[in-house]
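Undergrad: I'd like to ask some things about the structure below.
The values are calculated or read from the model by the stated rules, or taken from the named source; none is laboratory data. Bear in mind that the values here come from a model prediction, so they are computed numbers and not experimental data. Methodologically, a virtual Cβ is constructed for each residue, glycine included, from the backbone with ideal geometry; neighbour enumeration extends over all protein chains shown. Areas reflect the complete protein model, heavy atoms only, side chains present, ligands, DNA and RNA absent. Shrake-Rupley method; radii C 1.70, N 1.55, O 1.52, S 1.80 Å.
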Amino acid sequence: MTRRALPLAYILLVRRVLLPILLLCALSARAQLTENVPTRLDSTQTYTLFLPPHYDTAKKYPLLLVFDPRSRGTTSAEFFRPAAEEYGWIILSSNGTRSDEGSEGNQAALRALVPEVKRYAVDPERIYAAGFSGTAMLAWALGVQTGGLAGVIASGGRLIDELPPAKFPFASYGFSGDTDFNNRDMRAIDALLERAGKPHRFVQFKGEHRWMPPELVPDAFGWFELMAMKDKKRMRDDALIAKLYTRDLASAAHDVNALRAVARTYDGLRDVAEVRAEIARLEADPESRRAVEEQAKWDRFEEQFTKDVFGKIGAIYSELRQSELRPTPGDITRGFRIAELKRRATREGEEGLAARRLLESVYSQLASYLPRELMKRKEYPLAVITLAAATEIHPDRWSVWYNLGAAQARSGDTRHALDSLEKSISLGFKNLQHIESDEDYAAVRNSDRYRKLILALRSQ
């Protein structure tokens, strides 16, 4: 039988009416990100929005406020999106927060973002916040000051007197890399939460100062679901409890601290006798005790080094300013005991981890905080030797070479400034617009070598 051609009117109907409807259905089934949503209070403050699949305004959803440390709302929303999609959470990820921002800038971002919660179908008892480094403290502060958060996800935060963990009115899920310079602080916060009887969990991963690995994010969401069940803020789900218990038990393996966390988490949700028995066995094991003592020993070393070196930064620079001899990068490396730390960092176990954490602490001071202050004070030669010392720790990072070149240009050393700029480009710095607008490099702009570097960068 011969097929009849479809009438043109029918084809146009499908294209104009049915296809848009089908597309709309497909989009509503898939979780979407909406970027640069302006806040109602302040249109200059924006955020990236994530709504879970099949979002229904007749329901109530948990919501996560995300405070990115570099004002990259979409980057962080993407990071948390898979877990939010799995568990059905809303995300509002700010484009206005910064880890090193003054309190005024971050407070402006919060004042605009927090009222946005009311625009969505949110469970008011299940509002959470997440932050990294300085924005972890921002999330803690929001929870302490408002009492309106059910929990906080904090990666690489720092213990500060203004935010004592004993006053946390929310559940805390902490992360830290084992060589993060804030690792010891994050462990101290977890210990204080344990002492205060607050709901808490801490997970250490391999790595430096950064957000936790993305594969660990769903663990935090799952834990908050369990805490909500314990607090009667959501329906009990035995299948989810069993699934998460099996996962947590497997990942805890022979780690006594992880097993204690499993026992705390599931106590009241299911029987944890097997976990407690394994904890008792490990606590009696001489090898486990030795491991605890070894960590405590190198924690004490880290604490003493911090007092001996970081507590005397002012004295180190005062001495350099008063020196009759021209200060050199070697004066900085000696003052910060970099050679010793590099030697210890090659060793296995807790000694190596403590040394690598301290090296990261030294690097953050020498590559960022101290040069920033010195450049403001127009102490360009001191900024140069400080940044040069930082390259001894991480010679493979473009940012330190770029900043070194800027300080060298300001101090009149144009040849070495161009050497450093070229080095930073070779290591991956490609932001042509930033280079051309950076007044720190004004002194080298008329040189042929600078023009060649810019032309080469343009051609890439």
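Undergrad: Within the stretch 222-239, track down each residue that is part of a helix (DSSP H, G or I) and surrounded by 16 or more Cβ atoms within 10 Å (Cβ to Cβ).
TA: Pass one, the stretch 222-239, residues part of a helix (DSSP H, G or I): 222-230, 238-239.
Result: Gly222, Trp223, Phe224, Glu225, Leu226, Met227, Ala228, Met229, Lys230.
Undergrad: Sticking with this structure for a sec: Take Leu49 and tell me if it is under 18 Å from Leu138 (Cα atoms) and open to solvent by less than 20 Å² (accessible area, probe 1.4 Å). Please lay out each step first, then the result.
TA: Values: under 18 Å from Leu138 (Cα atoms): no; open to solvent by less than 20 Å² (accessible area, probe 1.4 Å): yes.
The answer is no for Leu49.
Conditions tested, residue by residue: (1) small (Gly, Ala, Ser); (2) closer than 30 Å to Val309 by Cα.
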{"residue": "Leu353", "(1), (2)": "no, yes"}
{"residue": "Ala367", "(1), (2)": "yes, yes"}
{"residue": "Leu370", "(1), (2)": "no, yes"}
{"residue": "Leu387", "(1), (2)": "no, yes"}
{"residue": "Gln408", "(1), (2)": "no, yes"}
{"residue": "Thr414", "(1), (2)": "no, no"}
{"residue": "Asn431", "(1), (2)": "no, no"}
{"residue": "Asp448", "(1), (2)": "no, no"}
{"residue": "Arg458", "(1), (2)": "no, no"}
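Undergrad: Please pick out the residue among Ala136, Ala129, Ala141 that is at pLDDT 95 or above, open to solvent by less than 20 Å² (accessible area, probe 1.4 Å) and in a strand (DSSP E or B). Give the steps one after another, and end with the answer.
TA: Working: Ala136 fails: in a strand (DSSP E or B); Ala141 fails: in a strand (DSSP E or B).
Residue meeting the stated conditions: Ala129.
Undergrad: Applying the selection to the stretch 77-115, what residues are touching a residue at least 24 places away in the same chain (Cβ under 8 Å) and of a type in the set (Gly, Ala, Ser)?
TA: First, the residues of the stretch 77-115 that are touching a residue at least 24 places away in the same chain (Cβ under 8 Å): 77-101, 106, 108-115.
Ala77, Ala83, Ala84, Gly88, Ser93, Ser94, Gly96, Ser99, Ala108, Ala109, Ala112, listed by residue number.
Undergrad: Could you check the stretch 270-287 and list, in sequence order, the residues that are exposed (fewer than 15 other Cβ atoms within 10 Å of the Cβ) and assigned to a helix (DSSP H, G or I)? I'd like the intermediate steps shown before the answer.
TA: The initial filter retains those residues of the stretch 270-287 that are exposed (fewer than 15 other Cβ atoms within 10 Å of the Cβ), namely 270-271, 273-274, 277, 280-281, 283-287.
If the condition is that a residue be exposed (fewer than 15 other Cβ atoms within 10 Å of the Cβ) and assigned to a helix (DSSP H, G or I), then Ala273, Glu274, Ala277, Ala280, Arg281, Glu283, Ala284, Pro286, Glu287 are the ones that fit.
Undergrad: Give Ala261, Ala250 a once-over and let me know the one that is over 13 Å from Leu226 (Cβ atoms) and either touching a residue at least 40 places away in the same chain (Cβ under 8 Å) or assigned to a helix (DSSP H, G or I) (or both).
TA: Details: Ala261 fails: over 13 Å from Leu226 (Cβ atoms).
Just a single option satisfies the conditions, and that option is Ala250.
Undergrad: Looking at Ala284, Ala261, Ala250 in this structure, which one is modelled with pLDDT of 95 or more and of a type in the set (Gly, Ala, Ser)? Break it down into steps so the answer makes sense when it comes.
TA: Numbers: Ala284 fails: modelled with pLDDT of 95 or more; Ala250 fails: modelled with pLDDT of 95 or more.
Ala261 is the lone residue from the list that is modelled with pLDDT of 95 or more and of a type in the set (Gly, Ala, Ser).
Undergrad: From the list Arg451, Arg357, which one is surrounded by 20 or more Cβ atoms within 10 Å (Cβ to Cβ) and assigned to a helix (DSSP H, G or I)? Let's see the steps before the verdict.
TA: Numbers: Arg451 fails: surrounded by 20 or more Cβ atoms within 10 Å (Cβ to Cβ).
That would be Arg357, the only listed residue that is surrounded by 20 or more Cβ atoms within 10 Å (Cβ to Cβ) and assigned to a helix (DSSP H, G or I).
Undergrad: Could you go through the stretch 226-237 and let me know if any residue there is of a type in the set (A, V, I, L, M) and more than 19 Å from Tyr128 (Cα to Cα). Before you say what the answer is, go through the steps one by one.
TA: Initially, the stretch 226-237 is screened for residues of a type in the set (A, V, I, L, M), giving 226-229, 235.
Those left that are additionally more than 19 Å from Tyr128 (Cα to Cα): none.
Checked the stretch 226-237: no residue is of a type in the set (A, V, I, L, M) and more than 19 Å from Tyr128 (Cα to Cα).
Undergrad: Right, here's the next one. Going by the conditions given, is Leu320 part of a helix (DSSP H, G or I) and under 28 Å from the mean Cα position of the chain (by Cα)?
TA: Answer is no for this residue.
Undergrad: Here is a further query. Just checking, how many residues over the stretch 78-103 are open to solvent by less than 50 Å² (accessible area, probe 1.4 Å) and within 13 Å of the chain's Cα centre (by Cα)?
TA: Selection size over the stretch 78-103: 4.
Undergrad: Looking only at the stretch 161-186, how many residues end up being touching a Phe, Trp or Tyr at 6+ places or on another chain (Cβ under 9 Å) and open to solvent by 40 Å² or more (accessible area, probe 1.4 Å)?
TA: Residues meeting the conditions: 1.
Undergrad: How many residues does the stretch 335-354 hold that are in a helix (DSSP H, G or I), open to solvent by less than 20 Å² (accessible area, probe 1.4 Å) and touching a residue at least 12 places away in the same chain (Cβ under 8 Å)? Please lay out each step first, then the result.
TA: From the stretch 335-354, those in a helix (DSSP H, G or I) are 335, 338-345, 349-354; that's our starting set.
With the extra rule that they be open to solvent by less than 20 Å² (accessible area, probe 1.4 Å), the set shrinks to 338, 341, 345, 352, 354.
Next, from what is left, pick out any that are touching a residue at least 12 places away in the same chain (Cβ under 8 Å): 338, 341, 345, 354.
So the answer is 4.
Undergrad: Going by what's in this entry, would Glu302 be described as over 23 Å from Thr391 (Cβ atoms), of a type outside the set (Ser, Thr, Tyr) and open to solvent by less than 20 Å² (accessible area, probe 1.4 Å)? Spell out the reasoning first.
TA: Values: over 23 Å from Thr391 (Cβ atoms): yes; of a type outside the set (Ser, Thr, Tyr): yes; open to solvent by less than 20 Å² (accessible area, probe 1.4 Å): yes.
Yes, satisfied.
Undergrad: Against the conditions (1) assigned to a helix (DSSP H, G or I); (2) crowded, with 20+ Cβ neighbours inside 10 Å; (3) within 24 Å of the chain's Cα centre (by Cα), where does Ile425 fall short? Just the number, please.
TA: (3) is the only condition that Ile425 fails.
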